[in-house]
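Each remark here refers to the structure printed beneath this line.
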Amino acid sequence: MGANSKLFSYKGYDIPLPLVNLTGGGTNTWDMISEVHMQEYAAYCPIEPDHVVLEPGCGVGRDAISLTKVLSNKGQYIGFDIIKPSIEWCEANITSRYANFTFFYLDIQSQIHNPAGKRKTTQLQLPIKNRSVDRIVLHSVFTHMFEDDITHYLREFRRIEEHNHRVVAHPALLLLNRNLSVRRISRHTKRA
Ligand SMILES: C[S@@+](CC[C@H](N)C(=O)[O-])C[C@H]1O[C@@H](n2cnc3c(N)ncnc32)[C@H](O)[C@@H]1O
């Protein structure tokens, strides 16, 4: 990111505007979107302070910044994305303050987010151990993917999530159960 990139000041972080725009929503709705995400996690997959949370497609850390106030230093957050500068920014600015918040880049091809990417989603195995994650959360990520890629991610999620734990993906909001079936629920569905 060039030294002259304009910055968006948010909760003590200066985020390069091009990365804000790639993450989506723009500056006016940035905080409101993060707040809605936190409300959805609380409603559908409550995150406890010592949980291990995975966020595929974390962008430039919108939710990671909010989750620094939810997870304790015994908890862990792992975010990944296919936009290298976003991951580099998250490491330099979030991991540097919260060592239990880590990020990694995947060189996956995407027409919008990583046109020069060399690999396909279906070729990857996430570098995460079996049954090591309590919560998997993703917002506006499957929106950008085709069915085979989504199915591949769901298989990976089943491998790495702890039994009976939860995946929340939005939009639409998807809940994954142990049989790898996906149930769509609307924003207005009450929690069972
Ligand atoms: C609309 S942004 C949402 C970012 C973030 N989830 C949020 O809500 O602030 C979509 C994100 O998905 C990422 N993405 C797209 N395809 C992906 C893939 N195959 N694997 C992981 N991330 C992907 C993009 O790079 C981008 O950061």
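Every number here is computed from the coordinates shown, using simple stated rules; none is lab data. As the structure is a prediction and not an experimental result, all values here were calculated from the model. As a convention, Cβ positions derive from the backbone with ideal geometry for all residues, glycine included, and neighbour counts pool all protein chains shown.
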Step by step: find N for segment 71-140, compute 2.2 N^0.38 Å, then divide the Cα radius of gyration by it. What's the final number? 1.20
What are the ³J(HN,Hα) couplings of segment 12-21, residue after residue, when phi is run through the Karplus curve with 6.51, -1.76, 1.60 and θ = phi - 60°? Round to Hz, x for glycine and proline. x, 10, 10, 9, x, 4, x, 6, 4, 5
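Of the DSSP beta bridges with both residues in segment 31-185, give the percent that are antiparallel, rounding to the nearest 5. Provide the component values of the computation, followed by the final result.
Working: 7 of 26 bridges.
Close to 25 percent.
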Based on the Kirkwood radius over alpha-carbon pairs, what value in µm²/s does the Stokes-Einstein equation return for the translational diffusion coefficient of segment 31-185 at 25 °C and 0.890 mPa s? 157 µm²/s
Span from the segment 62-83 Cα centroid across to the segment 122-166 one, whole angstrom: 16 Å
Could you check the spin-label model distance between residue 66 and residue 14? Points 7 Å from the Cα along Cα→Cβ, value in nm. 2.5 nm
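Per-residue counts of other Cβ atoms within 10 Å, averaged by peptide: what ranking do you get for 141-150, 88-97, highest first?
88-97, 141-150
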